Each structure stands twice: as structure tokens, then as C-alpha cells.
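Participant: Quick one: the structure is below, questions incoming.
The values are calculated or read from the model by the stated rules, or taken from the named source; none is laboratory data. No experiment lies behind these values; they were computed from the predicted model shown. Here Cβ is always computed from backbone atoms with ideal geometry, including for glycine, and neighbour counts include all displayed protein chains. Surface areas here come from the heavy atoms of the whole protein model, side chains and all, with no ligands, DNA or RNA. Shrake-Rupley method; radii C 1.70, N 1.55, O 1.52, S 1.80 Å.
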Amino acid sequence: MFRKQKTPLELRHELLQEEIKKTKLALDSAYSNFENVIDPDLIDCYIYEVNAFQRRYVFLLKQAEKLKAMMQG
């Protein structure tokens with residue numbers, strides 16, 4: 001009946017995990033678009049998009065790692 005209130009760190013962790021999932025899907029989509037495009041301008045566009053999502057994904061993973069360490073200790 002009574003639910004345990006989530007701490008701010010737990011809520012932040014959940015939001016971060018959702019952002020990681022969304023970024024991974026966007027990265028996969030950018031890879032797929034890159035592999036299927038023919039136009040040189042669009043190739044450049046998807047190269048930039050893939051690079052941007054890769055950097056965001058790595059950043060979010062590092063943030064999740066730091067947050068997990070904070071939650072454990």
C-alpha cells in the first residue's frame with residue numbers, strides 16, 4: 001500500500017537511464033540513415049549526427065557511472 005519515496009538521486013538515475021536509452025536509439029537510427037544514404041550532402045549530415053550522438057552517449061554513460069558511485073557510497 002505504501003510506496004517508498006524515491007530519493008533525488010534515484011529519480012535522477014531513472015531520468016538518466018531514460019536519456020541513455022533515447023540517445024542509443026537515436027544513435028542507432030543515425031547509423032542506419034548513414035548506411036542507406038547516397039547523396040554526399042546527406043552523408044556529411046549523418047556523419048555529424050553520428051558523432052554528436054556518440055559523444056552524448058559517452059557523456060551520459062560517464063554521468064551514470066558517477067551517479068552510481070554517489071548512490072553506493
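Results for (1) hydrophobic (A, V, I, L, M, F, W, C); (2) touching a residue at least 40 places away in the same chain (Cβ under 8 Å); (3) in contact with a strand residue (DSSP E or B) (Cβ under 7 Å, 6 or more places away or on another chain); (4) not in a helix (DSSP H, G or I), shown as yes or no for each residue.
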| site | (1), (2), (3), (4) |
| --- | --- |
| Glu10 | no, yes, no, no |
| Glu19 | no, yes, no, no |
| Tyr31 | no, no, no, no |
| Glu35 | no, no, no, no |
| Tyr57 | no, no, no, no |
| Leu60 | yes, yes, no, no |
| Ala64 | yes, yes, no, no |
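Participant: Here is a follow-up. If a residue has to be part of a helix (DSSP H, G or I) and either under 18 Å from Met71 (Cα atoms) or among the acidic types (Asp, Glu) (or both) to count, how many in the stretch 37-55 make the cut?
Facilitator: Counting residues in the stretch 37-55 that are part of a helix (DSSP H, G or I) and either under 18 Å from Met71 (Cα atoms) or among the acidic types (Asp, Glu) (or both) gives 3.
Participant: Here's something else I'd like to know. Out of all the residues in the stretch 23-63, which are in contact with a helix residue (DSSP H, G or I) (Cβ under 6 Å, 6 or more places away or on another chain), closer than 23 Å to Arg12 by Cβ and either open to solvent by 70 Å² or more (accessible area, probe 1.4 Å) or small (Gly, Ala, Ser) (or both)?
Facilitator: Ala26, Arg56
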